[in-house]
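Contents: one structure, followed by commentary.
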Amino acid sequence: MEFQYLTLDEFDLRDKAVLLRLDINAPLDPSNNQILDDGRIVAAKPTLDALSEARVAVLSHQSRPGMGDFTSLQLHAGLLQKTCSQRVTFIDDVMGPAARQAVRDLKKGEVVVLDNVRFCAEEILEDTGEKLAKTNLVKRLAPLFDIYVNDAFATAHRSQASLVGFPYVLPSAAGKLMEGELSAIEKLMSNPVRPSTYVLGGAKVEDKVPVIENILSTRKADRVLVGGNVAKVFLKATGTKLGQRDEEELGTATDEVLKAKRILSKYKKRIVFPTDFGTLTDGKRVDIPVRKLAKVGRALDIGSDTAEKFSEIVADSKTVVASGPMGVFEEEGFESGTKAILESMANTDAFTVIGGGHLAGYAGILGVSERLSHVSTAGGAMLSLLAGEELPAITALVEAAKRYKRK
Ligand code: 3PG
Ligand code: MG
């Protein structure tokens with residue numbers, strides 16, 4: 001797997017007008033308008049440094065229409081100013097006259113952050129680059145720019161105008177963050193150093209099941225350790241009875257259970273299940289073996305025997321990928337499974353990659369991020385690649401490179 005896109009090094013960027021698509025979508029508390037994690041904003045720095053002599057307009061989104069944190073990018077622009085050396089301004093317009101004038105007024109070494117691109121209804125459509133190049137968003141903004149740069153890896157699984165429409169009409173490059181993210185995943189998907197272990201947990205089982213199927217069938221993973229709801233779905237697929245609350249919660253995941261059965265019929269030996277779980281009994285954590293699960297309400301973490309066994313497997317691996325927590329690590333007493341995995345990953349010299357906002361955030365809190373080989377800014381986009389899917393925004397950059405080279 002190698003992506004043939006252009007990079008910033010292949011362009012003369014001095015005094016060029018650059019449209020920079022970032023993903024600075026952040027966890028935000030709407031009650032006090034506070035950004036809770038600026039990780040994606042800080043991650044934009046290398047690209048902004050590379051664009052220090054260009055005239056840059058940043059295009060990004062925050063949340064989705066209808067959500068409480070669907071808001072303007074003004075706060076993000078303030079944090080971006082703290083991160084980068086250029087002068088950063090914000091304009092509360094995306095593609096109207098004020099936004100376009102602000103772009104025209106840009107001087108070399110300046111950055112303007114345009115407002116939340118999802119304020120434009122056209123951005124919510126998913127379609128081909130060819131179709132989306134005809135949106136007003138692209139038709140109004142593209143003529144103002146020399147180059148489009150995509151550094152929004154975490155949104156690369158969306159086929160929206162800001163991601164696939166602009167590269168259809170402008171010379172386009174991947175930004176530095178995008179390059180780093182893709183090269184880490186290329187390493188996992190081409191020739192992982194073995195043994196290669198994946199630790200998959202968290203709540204979004206539908207995103208993880210296709211990953212498990214792909215990495216086992218293509219032998220990118222030698223073993224998959226399952227935790228969180230992923231473990232519950234796979235246990236259910238083996239006929240194990242879960243606690244009442246877990247059974248209720250997974251009641252809707254019947255498709256996932258069927259897929260898990262299919263995966264188990266081929267690869268059971270390479271999937272490692274928890275043998276015990278942490279549960280809340282009389283107000284405190286009690287670990288119980290899997291066979292007793294049906295007697296308790298809900299499994300909240302992998303048990304301590306499982307955490308020890310999983311940690312040993314991680315320590316014996318040469319490649320380790322983790323996505324999704326092992327349990328409800330936000331609740332006191334139920335963080336130890338997730339903590340054990342992250343710490344054992346930080347303590348090996350293996351190639352270690354984590355993804356997903358929750359796990360990456362918790363790695364930051366534990367202070368282990370620096371000791372991991374790669375902390376992805378993405379959840380869904382990374383999982384799509386690991387599931388063997390194409391990312392529309394990357395395909396758009398590759399197609400743009402072909403068009404540019406033909407010229
Ligand atoms: C994310 O955080 O998942 C990305 O910013 C993409 O956002 P979306 O899932 O709302 O498209
Ligand atoms: Mg998402």
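Take L383 and decide whether it is among the aliphatic types (A, V, I, L, M), within 16 Å of ligand 1 (Cβ to nearest atom) and in contact with an Asp or Glu (Cβ under 7 Å, 6 or more places away or on another chain).
Numbers: among the aliphatic types (A, V, I, L, M): yes; within 16 Å of ligand 1 (Cβ to nearest atom): yes; in contact with an Asp or Glu (Cβ under 7 Å, 6 or more places away or on another chain): yes.
For L383, the condition - among the aliphatic types (A, V, I, L, M), within 16 Å of ligand 1 (Cβ to nearest atom) and in contact with an Asp or Glu (Cβ under 7 Å, 6 or more places away or on another chain) - is met.
Taking the conditions exactly as written (open to solvent by less than 60 Å² (accessible area, probe 1.4 Å), over 30 Å from F145 (Cα atoms) and within 26 Å of the chain's Cα centre (by Cα)), does G251 satisfy them or not? Give the derivation first.
Details: open to solvent by less than 60 Å² (accessible area, probe 1.4 Å): yes; over 30 Å from F145 (Cα atoms): yes; within 26 Å of the chain's Cα centre (by Cα): no.
In short, no.
Where the second residue is open to solvent by 40 Å² or more (accessible area, probe 1.4 Å) and the first is aliphatic (A, V, I, L, M) and lies in the range 236-265, which pairs have Cβ atoms under 6 Å and are six or more apart or on separate chains?
A237/K261; V257/K236; I263/E213
Which of the residues spanning the range 185-200 are small (G, A, S) and either modelled with pLDDT of 95 or more or buried (at least 17 other Cβ atoms within 10 Å of the Cβ) (or both)?
Once the filter is applied, which keeps residues that are small (G, A, S) and either modelled with pLDDT of 95 or more or buried (at least 17 other Cβ atoms within 10 Å of the Cβ) (or both), the range 185-200 yields only S196.
All but one of (1) in contact with a strand residue (DSSP E or B) (Cβ under 8 Å, 6 or more places away or on another chain); (2) surrounded by fewer than 23 Cβ atoms within 10 Å (Cβ to Cβ); (3) at pLDDT 95 or above hold for G243, so report the exception by its number.
(3)
Only one of these is β-branched (V, I, T) and either within 16 Å of ligand 2 (Cβ to nearest atom) or in a helix (DSSP H, G or I) (or both): V164, V199. Name it.
V164
Which pairs have Cβ atoms under 7 Å, sit 6 or more apart or on different chains, and link a residue in the range 132-155 that is within 16 Å of ligand 1 (Cβ to nearest atom) to one that is β-branched (V, I, T) and modelled with pLDDT of 95 or more?
L132/V138; L132/V164; D151/T47; F153/T377; A154/T377
Please determine whether any residue of the range 371-380 is in a helix (DSSP H, G or I), free of Cβ contacts under 8 Å to residues at least 40 places away in the same chain, open to solvent by 20 Å² or more (accessible area, probe 1.4 Å) and more than 16 Å from ligand 1 (Cβ to nearest atom). Quick ask: steps written out before the conclusion?
Taking the range 371-380 first, the residues in a helix (DSSP H, G or I) are 371, 380.
Adding the requirement that they be free of Cβ contacts under 8 Å to residues at least 40 places away in the same chain leaves 371.
Checking which are open to solvent by 20 Å² or more (accessible area, probe 1.4 Å) leaves us with 371.
Then keep just the ones that are more than 16 Å from ligand 1 (Cβ to nearest atom); that gives 371.
Within the range 371-380, one or more residues are in a helix (DSSP H, G or I), free of Cβ contacts under 8 Å to residues at least 40 places away in the same chain, open to solvent by 20 Å² or more (accessible area, probe 1.4 Å) and more than 16 Å from ligand 1 (Cβ to nearest atom).
The values are calculated or read from the model by the stated rules, or taken from the named source; none is laboratory data. The structure displayed is predicted, hence computed values, not measured ones. Glycine also receives a Cβ, built like all others from the backbone with ideal geometry; neighbour counts cover every protein chain displayed. The accessibility values were calculated without ligands, DNA or RNA, using every heavy atom of the protein model including side chains. Shrake-Rupley method; radii C 1.70, N 1.55, O 1.52, S 1.80 Å.
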